[in-house]
Amino acid sequence: MKNVRIWFKKDFECRYISHLDLNRTMLRALHKSKIPIWHTEGFNPHPFATFPLPLSLGFRGVNECMDVRLEDDDYSFEEISKKLNACLPRGIRVFNVTEAVMKAGKVAFASFTIHLSLDNKPSGLICQQLNDLLEQDSILIEKKSKKGMKTVDIKPGIKSYSVTEKFDSACLEIVLSAGSSDNVNPNLIISALEQKTGAEYNVDVTRNDLYNSDMEPFR
Amino acid sequence: MVSKEVEKFLLKVQKPGRYVGGELNEVIKNKRDVEVRFAFCFPDTYEVGMSHLGMKILYSQFNSVPYIWCERVFAPWIDMEEEMVKRHIPLYALESGDPLSDFDFIGFTLQYELSFSNMLNMLKLGGVPIKTADRTDELKQIVVAGGPCACNPEPIAEFVDIFFIGEGEEVDLEVIELFRECKAQGKTKREFLRLCADIQGVYVPSLYDVDYNSDGTIKSFTPRDGAPAVIHKRVMTDMDSSYYPDNFVVPLVEIVHDRAVQEIFRGCIRGCRFCQAGFIYRPVREKSPDTINAQCHALCENTGYDEVSLSSLSSSDYSQIVPLLEKLTSWTSDEKVSISLPSLRVDGFTDEIMNKIKTVRKSGLTFAPEAGSQRMRDVINKNVQHDELMQTCATAFAGGWTTVKLYFMIGLPTETMDDVADIAHLGQAVVDTYYNTPNHAKGKSVRVTVSASSFVPKPFTPFQWEPQDDIPTLHEKQKHIIESIRSKKIQFNYHDADTSFLEAVFARGDRKLCRVMELACERGFHFDGWADCFSLQKWLALFEECGIDPAFYANRRRSFDEILPWDHIDYGVKKSFLISECQKAYENQTTPHCRLKCSNCGAAKYGRGVCFEKRQNLV
Ligand code: SF4
């Protein structure tokens with residue numbers, strides 16, 4: 001039995017499905033592919049897979065991963081890619097299979113590219129708005145929690161960022177805290193911006209890479 | 001495929017994965033390489049439509065023909081519709097993203113009357129004129145419809161160019177082939193439709209004139225241009241050689257029935273007198289265990305589904321159920337596939353079957369006695385005996401089950417308040433059976449859910465002449481059940497009588513209702529099958545505006561010699577048989593099912609199926 005990390009992109013139509021739907025799609029593809037991976041036991045056995053860091057509905061993911069346990073240690077990684085891609089919808093493409101080097105819980109940061117635009121507004125203006133927001137000492141937002149709404153400061157969760165003006169959008173490259181404890185979802189930044197400016201942006205979010213707490217790429 | 005324009009707002013709507021396509025096994029063709037483009041429309045949400053077996057069969061079958069590209073279209077949910085209208089984005093097909101108005105054929109499957117408003121709304125959203133008369137005479141935008149509600153097409157006759165009567169697998173392709181020829185010959189739509197009417201199973205409503213008596217009933221129904229006076233349904237005669245897909249589109253988002261589905265037979269031997277499906281799909285025709293087994297296996301392989309559901313109107317009536325389950329279980333456990341067997345009858349719940357399908361989870365056990373008293377069950381020809389039901393429940397309780405759901409109908413012909421109270425009493429008897437079963441689950445109490453829906457008289461059933469109880473009477477009966485329940489272990493649910501009433505109006509309506517439908521579309525009616533949108537008050541206002549009394553359709557007793565709006569359509573069952581069944585109902589007399597005895601309903605004329613089985617080893 002070997003822990004294997006399957007790397008894939010989630011884009012196009014599949015960008016619009018939730019993590020739960022992705023999970024179901026993956027399990028079905030694993031089942032169809034007949035790759036010898038470990039199944040849960042009990043009444044209704046199904047392939048066992050876990051995701052180190054779920055991706056929100058609407059985001060593109062270019063370096064996403066899923067962990068499975070391979071029952072046959074000699075099974076080729078290339079075979080896994082090939083078989084799985086034949087069983088997946090076109091919006092999900094496996095591009096690499098590796099051993100799981102780091103534990104899933106080690107994910108601490110994630111980098112994103114966020115394009116923002118407004119119909120009939122210059123992208124320079126949006127860049128300015130972004131800088132104004134992110135330069136603040138604290139960025140307070142209302143967040144739903146178990147005990148109703150609470151105000152949190154997301155500024156500490158922003159590791160680094162840069163804003164560049166593109167032809168038809170403002171482009172924000174940002175590294176945010178990720179993982180189970182201090183997760184900052186880019187949607188929080190966008191809603192903070194929308195609260196501040198009162199505008200509703202066209203948004204396109206891509207998650208690029210995951211990192212551990214030392215900012216080493218997650219492997 | 002989803003356009004840039006749509007992507008701009010897709011994240012603003014609920015469950016955007018419904019509007020993008022891109023699923024595994026979706027069929028993409030190059031539109032320049034095909035001659036016929038068919039938009040298969042399901043007038044409900046993606047989740048409901050994608051669960052529908054008929055759509056899966058026809059989608060695969062059309063696309064297996066190289067010159068046809070069949071795509072899928074579903075009704076956008078309210079939030080999506082609003083955004084689309086605001087941005088002037090027409091309703092589009094999931095595969096190409098092209099608007100509905102671009103298609104040669106726009107086909108609807110009509111599963112329930114309350115989806116009529118969605119059908120018209122979808123045409124409107126797709127930029128297609130809703131009325132036949134207002135559409136182009138060029139050979140495009142041909143609106144076709146099939147499915148159980150097509151058996152009385154009259155309330156939507158002014159909107160649909162062609163109705164498919166009966167089973168679609170062959171007739172659809174014949175019509176498409178004719179279209180291709182007509183197009184090559186430069187014919188108009190009018191000419192094409194006239195030629196279509198000669199194909200068996202095709203009804204072109206624009207070729208018929210209807211005259212009415214002063215009391216609103218039909219005086220005459222006259223074909224024009226030599227169109228056939230009677231339209232005969234189509235029947236697939238050999239189920240083993242009938243087209244069945246080896247592949248389904250596997251949705252990205254969760255749908256209502258997210259599993260492989262395998263049809264095991266068509267029709268039903270039982271002949272319950274309220275049940276339209278039991279008459280319009282006659283005669284029963286089975287697939288062989290080998291065919292079913294092979295098709296199940298291919299489906300699981302190609303989709304990755306780990307559950308396959310055996311579909312029919314009454315699974316346990318499949319004559320070779322045990323050999324079939326044996327074949328299936330020879331590979332399903334190795335491949336970690338489970339089998340489910342819905343629509344089991346009370347008397348089909350045998351240990352032998354149960355041991356083969358371990359998938360009936362301990363949580364759900366459902367039965368449909370339909371009526372509380374034995375007399376009432378005899379009236380509707382539901383041959384379920386009280387003791388049999390109790391025996392089955394006792395077996396299940398001994399096996400660890402603790403919840404039972406019972407389905408009933410109220411408002412059935414000849415029903416008295418005592419019959420109604422017996423629904424509660426039957427629930428009580430199930431509770432008592434639990435406590436009288438010595439080895440029931442230790443320390444657990446039983447939960448019995450009693451659900452009552454309102455009877456809707458349907459065309460082509462022995463009750464097609466019957467009045468529906470009016471809404472106050474139905475409410476009174478619901479109340480009477482509640483008052484008759486003595487035990488806290490029984491939970492009572494009932495269906496909204498308002499929707500049943502509207503269903504009854506459209507189920508047995510005539511062409512005068514087209515005006516109401518047209519107005520409903522103008523006023524933006526949609527999703528009437530959903531409590532979120534349905535309002536009887538709004539419908540009543542429309543009826544009033546059109547000068548139409550809906551009770552004329554729902555609550556009036558019709559005489560056996562009245563010309564019914566659907567009398568020109570022949571589903572194989574003779575009207576005289578339906579009349580005799582209705583009269584037997586009044587006398588509390590049952591009719592044996594097709595395997596016990598042929599009652600000469602007329603469906604034997606198709607030369608196949610149960611009518612020709614040897615009746616020796618009777619069950
Ligand atoms: S002809 Fe006889 S056997 Fe055939 S469907 Fe009718 S009643 Fe049943």
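Starting at 0 and stepping by 5 Å, how many percent of the alpha carbon pairs of region A:2-100 end up in each bin?
Taking all Cα pairs of region A:2-100, the binned fractions are 2, 14, 25, 28, 18, 9, 3, 0 percent.
At a 10 angstrom cut-off on C-beta neighbours, averaged per residue, how do the peptides B:208-218, B:267-277, B:250-260 rank from highest to lowest?
Answer by packing, highest mean first, reads B:267-277, B:250-260, B:208-218.
Enumerate the calculated ³J(HN,Hα) couplings along region A:105-111 in order (Karplus 6.51 cos²θ - 1.76 cosθ + 1.60, θ = phi - 60°), each rounded to whole Hz, writing x wherever the residue is Gly or Pro.
Result, ordered by residue: x, 7, 4, 10, 9, 9, 9 Hz.
Restricting to the protein assembly as shown, what percent of DSSP beta bridges are antiparallel, rounded to 5?
55
B plus A alone minus the pair: what accessible area, both sides summed, probe 1.4 Å, in Å² to 100?
2500
Nearest-5 percent of antiparallel DSSP beta bridges in chain B?
So the antiparallel bridges in chain B amount to around 20 percent.
Show me, for region B:67-80, the HN-Hα J-couplings you get by feeding each phi into the Karplus relation (A = 6.51, B = -1.76, C = 1.60, θ = phi - 60°), rounded to Hz, glycine and proline as x.
In residue order, the calculated couplings are 8, 10, 10, 9, 10, 10, 9, 10, 6, x, 5, 3, 5, 5 Hz.
For q values of 0.07, 0.10 Å⁻¹, compute log₁₀ I(q)/I(0) with the Debye formula on a Cα-only model of the protein assembly as shown, without solvent.
-0.64, -1.24
Put +1 on the Cβ of each Lys and Arg and -1 on the Cβ of each Asp and Glu in region A:106-211; which of A:163, A:198, A:138 then has its Cα farthest toward the positive end of the dipole?
Positive-end residue among those listed: A:138.
Taking only C-alpha pairs under 8 Å that are 6+ residues apart, what is the relative contact order of chain A in percent?
25
Need one word for region B:4-145: rounded, prolate or oblate. Basis is the Cα gyration tensor (sqrt eigenvalues a ≥ b ≥ c); a/c below 1.5 gives rounded, then a/b vs b/c decides.
Judged from the Cα gyration tensor, region B:4-145 comes out rounded (a/c under 1.5).
Can you find, among A:47, A:75, A:92, the residue farthest towards the positive end of the dipole of chain A? Put +1 on the C-beta of Lys and Arg, -1 on that of Asp and Glu.
A:47
For the ranges A:1-12, B:549-560, A:138-149, A:159-170, what's the packing order if you count other beta-carbon atoms within 10 Å of each residue, average per peptide, and put the highest first?
A:1-12, B:549-560, A:159-170, A:138-149
Starting from the amide H of residue B:563, placed 1.01 Å from N in the peptide plane, find each other amide H under 5 Å away whose residue is 5 or more places distant or on another chain.
B:218
Charges only on Cβ, +1 for Lys and Arg, -1 for Asp and Glu: so what's the dipole of chain A about the Cα centre, in debye to the nearest 20?
With Lys and Arg at +1 and Asp and Glu at -1, about 640 debye.
Check the straight Cα-Cα distances from residue B:15 and name the lysines below 21 Å, setting aside those fewer than 8 residues away within the same chain.
Cross-link targets: A:9, A:10, A:144, B:4, B:86.
Can you give the average number of partner chain beta-carbon atoms within 10 Å of each beta-carbon in peptide B:248-261, as a whole number?
Across B:248-261, the average partner-chain Cβ count within 10 Å equals 3.
Take every residue in peptide A:197-210, count the Cβ atoms of other chains within 10 Å of its Cβ, and give the average of those counts.
1
Taking the Cα centre of each part, how many Å lie between region B:201-247 and region A:104-156?
Cα centroid of region B:201-247 versus Cα centroid of region A:104-156: 61 Å apart.
Distance between Cα centroids, region B:32-109 to region B:121-178: provide it in whole Å.
Cα centroid to Cα centroid, the span is 14 Å.
Using the alpha-carbon atoms, what tilt in degrees (0 to 90, nearest 10) does helix B:289-303 show relative to the longest principal axis of chain B?
Value to nearest ten degrees: 60.
With contacts defined as alpha carbon pairs under 8 Å and 6 or more residues apart, what's the relative contact order of region B:129-181 in percent?
RCO, region B:129-181: 36 percent.
Angle check, please: helix B:386-398 long axis (alpha carbons) against the longest principal axis of chain B (alpha carbons), in degrees 0 to 90, nearest 10.
Compared with the principal axis, the helix lies near 80 degrees.
Scanning chain A for helices, which whole DSSP H stretches are 30 Å or more long along the axis (Cα) and average 1.0 or more by Kyte-Doolittle?
TM-like helix candidates: nothing returned.
Other chains' Cβ within 10 Å of B:10-23 residues: what's the mean?
Taking all residues of B:10-23 together, the mean is 5.
Taking the Cα centre as origin and putting +1 on Lys and Arg beta-carbons and -1 on Asp and Glu beta-carbons, what dipole magnitude results for chain B, to the nearest 20 debye?
980
For chain B, what is the relative contact order in percent, using Cα pairs closer than 8 Å and at least 6 residues apart in sequence?
14
Of the listed pairs B:183/B:458; B:382/B:479; B:124/B:575; A:32/B:327, which have alpha-carbon separations greater than 30 Å here?
Among B:183/B:458; B:382/B:479; B:124/B:575; A:32/B:327, the Cα-Cα distance tops 30 Å for B:183/B:458; B:124/B:575.
Short version: ³J(HN,Hα) in whole Hz for each residue of region B:307-319, in order, from phi by Karplus 6.51 cos²θ - 1.76 cosθ + 1.60 (θ = phi - 60°), x for Gly and Pro, what are they?
Result, rounded to whole Hz: 9, 10, 10, 8, 9, 5, 6, 7, 3, 6, 7, 5, 5.
Around residue A:208, which amide H atoms from residues at least 5 apart in sequence, or from another chain, sit under 5 Å from its own amide H, with H modelled in the peptide plane?
A:111, A:112, A:113
For a protection proxy built on the mean count of beta-carbon atoms within 10 angstrom, sort B:72-83, B:109-120 highest first, please.
Highest mean packing first, the order is B:109-120, B:72-83.
Of B:12/B:538; B:31/B:187; B:219/B:512, which sit over 20 Å apart, Cα to Cα?
B:12/B:538; B:31/B:187
Determine the dipole magnitude for the protein assembly as shown: charges of +1 sit on the beta-carbon of Lys and Arg, -1 on that of Asp and Glu, nothing else is charged, the reference point is the Cα centre, and the result goes in debye to the nearest 20.
1340
According to the square roots a ≥ b ≥ c of the eigenvalues of the Cα gyration tensor, what is the shape class of region B:485-609, taking rounded for a/c under 1.5, prolate for a/b larger than b/c otherwise, and oblate for the remainder?
Since a/c reaches 1.5 but b/c is at least a/b, the shape of region B:485-609 is classed as oblate.
Working from Cα positions, state the angle (0 to 90°, nearest 10) between the long axis of helix B:575-586 and the longest principal axis of chain B.
30
From the Cα gyration tensor of chain A, with a ≥ b ≥ c the square roots of its eigenvalues, which class applies: rounded if a/c is under 1.5, or else prolate if a/b is larger than b/c, or else oblate?
Prolate is the answer for chain A, as a/c is 1.5 or above and a/b outweighs b/c.
5 Å is the cut-off here: which amide hydrogens, built 1.01 Å from N in the peptide plane, fall below it relative to residue B:491, excluding neighbours closer than 5 in sequence?
B:448, B:449, B:450
Please give the solvent-accessible surface of residue B:169 in Å², to the nearest 10, using a probe radius of 1.4 Å with every protein chain present.
It works out to around 10 Å².
With the dipole of chain A worked out from charges on the C-beta (+1 for Lys and Arg, -1 for Asp and Glu) around the Cα centre, which of A:58, A:212, A:175 lies farthest toward the positive end?
A:58
Measure out, as a whole number of angstrom, how far apart the alpha-carbon centroids of region B:535-589 and region A:30-55 sit.
Region B:535-589 and region A:30-55 have Cα centres spaced 53 Å from each other.
The values are calculated or read from the model by the stated rules, or taken from the named source; none is laboratory data. Keep in mind that what you see is a predicted model, and the values were worked out from it rather than measured. As a convention, Cβ positions derive from the backbone with ideal geometry for all residues, glycine included, and neighbour counts pool all protein chains shown. Just so you know, the surface numbers come from the protein's heavy atoms only, side chains and all, with ligands and any DNA or RNA stripped out. Shrake-Rupley method; radii C 1.70, N 1.55, O 1.52, S 1.80 Å.
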